[in-house]
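Q: Can you keep this structure in mind? I'll have questions shortly.
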Ligand SMILES: [Zn+2]
């Protein structure tokens, strides 16, 4: 499993951190200059914040595709990009005033539109919902539009980030895996990854930033550790070591040797117990390519089993300073 470290800091892309990063479109949009990525990364759309704040997407599909093309070209090393998806948490539905099924239709429609506008860009379809039935329904919606999800290198699972019941997410993930999908769970809890990490292709988290808000800064310039690189890397290593020790998860394909950690002033020296497990296994800076998955990771889809038809959805966190996740 590839495990992406979520961050609000686009500048980290240029650092030789040795870990794949997840960065939001909201943090990159409008920047005159962009960093050149030294390693693999993925783009989150920032949909949760966009819809929570505005009740709609203010960026149309053409503008979003144009922005993603710029990121892919100027930043480089882009594994994949989320579409302008529509989360299904109750708070988001209340803000948009639309139904869950409407959010699902809009999510599917946007993926189809982006794929038509920019077939060369690595947009991934994202499943949205609340119940297993919802997620199956969303998957069926893609299939009815001719998208064979089981043949794609990656399918996102949204609206799972804020759930308290990891067993519920696990059931959703296993149901979708049974359909032959290679999944990325957006912001899944680490407890959940302990249980089903072996069944998914990738996940991400920036829960380190949330917890870092309550940790005193490691230097006079850090009021807290919510945006501290050293704190983040310590957390990342601790988590990947824990996942690697789990019989259900292996993140050995996820990280590279964190070069920057040795030179960063906020390195693990200041966050030793916080987590300094050695990076699990060598990982390489994956060349940018649609889907972001190396051939070795393209395993044949699991045998398809009958499903009842539901789908689920994903969620991210994109407040500039407030991690939305878990
Ligand atoms: Zn710090």
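Bear in mind these aren't lab numbers, they're just calculated from the coordinates by the rules spelled out. Quick caveat: nothing in here was measured; it's all calculated off a predicted structure. Quick reminder, even Gly has a Cβ in these numbers, built from the backbone with ideal geometry, and neighbours come from all protein chains shown.
Q: How much length, in nm to one decimal, is gained on full extension between residue 211 and residue 29, taken as 0.36 nm per residue of separation minus their Cα-Cα distance? Mind dumping the intermediate values first?
A: On the way: separation 182, 0.36 × 182 = 65.52 nm, distance 2.62 nm.
That pair, residue 211 and residue 29, stretches by 62.9 nm at full extension.
Q: For residue 198 and residue 94, calculate 0.36 nm times their separation in residues minus their Cα-Cα distance, and state this gained length in nm to one decimal. Each step should come with its number before you reach the end.
A: Details: separation 104, 0.36 × 104 = 37.44 nm, distance 3.47 nm.
Contour length minus Cα-Cα distance gives 34.0 nm.
Q: Report the extension gain between residue 66 and residue 165 in nm, rounded to one decimal, defined as 0.36 nm multiplied by the number of residues separating them, less their alpha carbon distance.
A: So the extension gain works out to 31.9 nm.
Q: How do 106-113, 216-223 rank on mean C-beta neighbours within 10 Å, highest first? Intermediate values should be presented prior to the final figure.
A: Numbers: 106-113: 21.4, 216-223: 12.6.
Ranked from most to least packed, the peptides come out as 106-113, 216-223.
Q: While we're looking at this one, here's another question. Kindly rank 68-75, 140-147 from highest to lowest mean number of other beta carbons found within 10 Å of each residue. Each step should come with its number before you reach the end.
A: Working: 68-75: 17.8, 140-147: 14.9.
So the order, starting with the most tightly packed, is 68-75, 140-147.
Q: When you count, for each residue, the other Cβ atoms within 10 Å and take the mean per peptide, how do 198-206, 90-98 rank with the highest first?
A: Values: 198-206: 24.2, 90-98: 14.8.
Going from most to least packed, we get 198-206, 90-98.
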